[in-house]
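Have a look at the structure below, then the notes.
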Amino acid sequence: MDRRTFLSWVGMGWIATSLPVALVACNSETPSASSSPANNSAAPRADGFVQVGTVAALETGAIVLEESSIGPVAVARNNGELVAVNPTCTHKGCTVAWQPSGEYVCPCHQAKFSPTGTVLGEGPSKVPLKVLEAKIEGDAVLVKASA
Ligand code: FES
């Protein structure tokens, strides 16, 4: 086998193994509930609420949407109570990420916030995250844009 044929086979093998991963990564149907920010373009209902996820997804951590029809949204439980906040960091605007320890941490300068959005620790942010109205209907987690 000459060099050109070998490189051709290596290239084809790389494409064949990478294509499924690329297709999954580009699929908008990929589940959006996790600590990683995601997007949701569902339109708000007449009452202003929009579904941002499911109760089942919430049980695995927080639902963090970097974009939705009502803007950025994060939902978690705090002592069993449903709490929604705008996950845009009040320091310089990065999107905070949910941590398994039960707090939001900003990836830019490590500001920490409680599930209710209050500032924790020594991070650079001194302003809490904005709280949004949230509720559960059936299996749907709903959030309403603030007035
Ligand atoms: S932008 Fe979040 S801590 Fe700076």
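A few points about this structure:
- When the strands (runs of 3 or more DSSP E) confined to segment 35-103 are screened for residues that are surrounded by 14 or more Cβ atoms within 10 Å (Cβ to Cβ), in contact (Cβ under 8 Å) with a residue 24 or more places away in the chain and not aromatic (Phe, Trp, Tyr), those reaching at least 2 such residues are found at 49-54, 63-67, 73-78, 81-85.
- Test: residue in segment 8-30 that is modelled with pLDDT under 95 and under 22 Å from residue 129 (Cα atoms): no
- Test: residue 127 is under 22 Å from residue 45 (Cβ atoms), in the same structural domain as residue 42 (by TED's automatic domain parsing) and either near the ligand (Cβ under 10 Å from one of its atoms) or modelled with pLDDT of 95 or more (or both): no
- Enumeration of residues in segment 114-142 that are under 15 Å from the mean Cα position of the chain (by Cα) and part of a strand (DSSP E or B): 141, 142
- Considered as a group, the residues in segment 106-118 that are touching a residue at least 12 places away in the same chain (Cβ under 8 Å) and closer than 21 Å to residue 82 by Cβ include one that is nearest to the ligand (Cβ to nearest atom), and that residue is 113.
The values are calculated or read from the model by the stated rules, or taken from the named source; none is laboratory data. What you see is a predicted model; the values in this text were computed from it and never measured. Positions of Cβ are generated from backbone atoms using ideal geometry, with glycine treated the same way; all protein chains shown enter the neighbour counts.
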